[in-house]
Amino acid sequence: MVRSSHPTDHVVITPLGTKSKVSDRPGLDIPPFNIGLFARDAVDAKPAQQTGDGAQQSTNGGRPGSDVSPRTSDAAQQTPGQAAGREAKINGATSIDELARRTGNDAIFVDKRSEANDRVQAAEALKPGETPKISVVYENRTPDADPPPPKPDFIIKKDGTIEMLHNPEQNADKNIVVQVERDPGQTGDPTPEQKESLAGLVPYLADRVANSPAYKAVSPDGSVAIEDNQNLVDDKVEAGIDNNISKPPIPDVNQPPAPDVPQAAGDASTRMNRVGGSGGGRDSFSSNGDGAMSSRDGQAPPRDITPPVQAVEDTISALAGVKDKAHPYDNVATRSDGSYGVGRYSMNMFNIGPWLADLLGVDLGDPPDPAKLAAFLADLKAHPEKLKGAMNKLAQEGKVSKDFASKFDAGKFADFLGKLDGQHGPISAQDVHNNLPKDLQETIAKDRIEHYAKGLGIDTSKDLGEKDAGKLALAMFLGRTPTQADLSNPSYEKYQDAANNLYKLALAGQFGSDRIDISEANGRVVAAAASNVGEQLWAQTPWANSVEGGNLGCAASVSRVLQESGVLRSGEGSAGVVDLAGILQRKGYQKIQITSMSQYRTGDIVYGATGGGGGGNAHIGIIGEIRGGQVWQYDNSSSKTTWQHRTVQAGGSFIPGGRFGSNLYVLRAPGSDNAQNN
C-alpha cells in the first residue's frame, strides 16, 4: 500500500504543539483486527464534545490516554449502518452490493445511492495499466474550493455510521473516495467511532479491489494505492493492509525504494493537508522537536540564492530528518537502498559525483552511468592533482574556504566518495565534517537543484509551480532528473506531497520559528506575498497610473497579493491605504492596535496612517515570518518601486511607537489566533 498526492491549498505556518497521530499517544490500545473482519462490540454513541482545535472528544469516559471508547453490549444504541454493534464478518468474497442489501442488525451501510446521481456521473473507470486508489479525505468545508473536492462513494458520519452513495465496484472505478465528516474549522482527529469505521472499511475496500472480478479483469495483480494525506487512517491499520496488498513494483535499480518521511516533516505535512478545506481551521505545533524543521542558523538566504532555491534546499533538509540540530551539516543517514546520504541535504553519490564530474568537464550521462561514475572516482584517486585544482578554483570563487582548499586531501576525498554506496565501509559524522564542509555542501546543493530544475523545465528565478518542489526533492533523492514514470510512481508520491507542503512553509520563512501556526487564509496570503518579491505589483492593477510610478504603490501592491490569494476578487481593492483597510474590515478582518513587536502574527495585514492617510502619510504591508527575534515584512518600497521582503526594523514604517506612533494597526483574518507570540 502506498499513498499518493493531491493539490493542496496554500496554507502556512507562523511562530506549541502536541502531535496528532494516533500512534504518538502513549497508552493507546487499538483492538486487533484482520483484513476482511468488520466485527466490533457495541459502542455507546453519545454526543461528542468539540475541543479547541476542532477535534472530537468522546464523552464516554474512555481510558486515560486512549481514543478508543469503552465497550458496552447495549444493542439499543445501534443504528443502521453504524460501525459499532454488529458482529458481522465481511471479507473480500462479499461484494459491496451484497453488503448494501443487508438490513436490520446485519446492516453495514446506509444506502444513499438514490440521492447521489451526481456521484455516478463523476466516477471514472479504471483503465488497463492503472493502479486503483482508495482516497480517504476529510469533508471539505471551504466554499468554492479550488480544485473542487472529490465526490465521495462512502461518508463516515460522526457516530461511525457509514453512508454509501455509490458502488465503485460496479464499473471498477479508478478512485474510491471515503469521506470523513467534520465540523467547520475542525483540524483534529476524527471521532473514535469514525476511526473504528475506517479501521474496518478501508481494509475491506482494499481487499475487495484485490478480489473483485470487476477489478481483477482490469488490474489482475491486485495492487491498490491508499491516499491518506490527512492521516485519518491509523498507522496500524495501514500496516495491516501493507502486509496483505501488493505494491506497485519498482521497475529497476534506478528507482530505489521510497524514503520514509521523517516524523516532524510528516506531521507538518499532515496538519497542512487537514487545514486545507477545513473552512477556516487553524493548527499550531512546535517546529524544533528534532531539528528536522530548523532553519539555516536563523539567517537570511545568501545573496546569490533566490528565495525559491533556498526554500527547496530547506525542504530537502527537512526531508533528510537531521537529528543533531546543532550539527546538521555532519549528518549521516542510511538510505532506503543501503547507501549513504550525508550532510544537511542527505546528498548521495549520484549528487556529489556528477557535480564534481561537471566541474571537471566529464560527462557521466543523465541518469549518471554507475560504471562511468566508478571509473571517474578511480581516475580521481589516481590523479589527485585534478581534485586539488578543482578545490583551489572553488576557493578563488569564494565557494569553499581557502583554509579547506589548502588542507584538502584528494585521496581521502575520493575514498569518502567511494564509501557513499554503502558497500565499501562505514561513514562517520567526522568523515562528513572533514570532507564536506558547510560551504561546499551549499555549493553542491544549489548547483544540483538548478541542474535538475533545468532538466524538468522549471524556472527557479520565479516561484515554483504547485508540484515543482516535490519533483526537485525527488530528483535530489534519486540523484538524477526524474522521469514521468518516477513522478507518477505511487510509492514516491507521499514523499513528493510532503515536499510540496514543506516548500510552502520554507518559502514563507517559517523554518526555525519557535511555533508554527497553520491557517488557510493567512497561508495563502503569505505564500502569494513570498512568490512576488522583486515584482512591480502595483503595475499589475487598475490603479497603475495613479500611484506615481510606484512611489505610492503600497496599497495597490497589497491589493494584488490579496487578489492572488483569493481574499479579494479580481479588480477588488484600492490604491488607498485607509480605503483598503475598510474593505478588509467589512470582510470580517479584526483591527488591532500594535504597541509591541510581540503582537505581530504571520499573515497580518499591517498599516499605519496619519492625517487622513493620503499622499504618503500612510503605508501598508504584510507580516511574514517571525524568527531569530526578528519580524519580517512584505511591502512595496517607494524608492525601488518593487515588492520587498525585509525585516520590520529595516523597513522602518512598522516599528511600534515609530513613524505612525499610536496609529499603527494590523488587520487579522477571521478565525485567526489573536494571542501574542511567545
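For segment 263-507, what does the alpha-carbon gyration tensor say about shape, rounded, prolate or oblate, given a ≥ b ≥ c as the root eigenvalues, a/c under 1.5 as rounded, and a/b over b/c as prolate?
Prolate shape, in that a/c is at least 1.5 and a/b is the bigger ratio.
Give the separation of the Cα centroids, segment 305-341 to segment 353-394, in Å.
Taking the Cα centre of segment 353-394 as reference, the centre of segment 305-341 is 23 Å away.
Would you please put 642-649, 222-229, 656-663, 354-361 in order of how densely packed they are, using the mean number of other Cβ atoms within 10 angstrom per residue and starting with the highest?
So the peptides 642-649, 222-229, 656-663, 354-361, ranked by packing, come out 222-229, 642-649, 354-361, 656-663.
Taking other Cβ within 10 Å of each residue's Cβ, how do 391, 272, 597 sort, fewest first?
Numbers: 391 21, 272 30, 597 17.
Ascending Cβ contact count within 10 Å gives the list 597, 391, 272.
Which pairs break 24 Å Cα to Cα here: 133/494; 412/454; 112/133?
Result: 412/454 exceed 24 Å.
Could you tell me the distance between the Cα centroids of segment 213-240 and segment 413-479, to the nearest Å?
33
For segment 532-668, just say rounded, prolate or oblate: build the C-alpha gyration tensor, square-root its eigenvalues into a ≥ b ≥ c, call rounded for a/c under 1.5, and beyond that prolate if a/b exceeds b/c, oblate if not.
Rounded.
Compute, for segment 532-668, the length of the dipole vector about the Cα centre, with Cβ point charges of +1 (Lys, Arg) and -1 (Asp, Glu) only. Units Debye, rounded to 20. Before the final figure, lay out the partial values.
Numbers: 11 positive and 8 negative charges, 60 e Å.
Roughly 280 debye, rounded to the nearest 20.
Of 332, 361, 472, which is farthest on the positive side of the dipole of segment 332-479, counting Cα position, with +1 on Lys and Arg Cβ, -1 on Asp and Glu Cβ, and the Cα centre as origin?
Towards the positive end, the residue furthest out is 332.
State which entries of 157/195; 446/640; 467/504; 151/236; 471/504 exceed 21 angstrom in Cα-Cα distance in the structure shown.
Checking Cα-Cα distances, 446/640; 151/236 exceed 21 Å.
I need the trypsin sites (Lys or Arg not before Pro) found in segment 559-592, filtered to DSSP loop residues with at most 12 other beta carbons within 10 Å of theirs.
For trypsin sites (Lys or Arg not before Pro) across segment 559-592 that sit outside H, G, I, E and B with at most 12 neighbouring Cβ atoms in 10 Å, the list reads 569.
Throughout, read-outs are computed from the coordinates displayed, never taken from laboratory work. On a predicted model such as this, the values are computed, not experimentally measured, just so you know. So basically every Cβ, Gly included, is an ideal-geometry build from the backbone, and we count neighbours across all protein chains shown.
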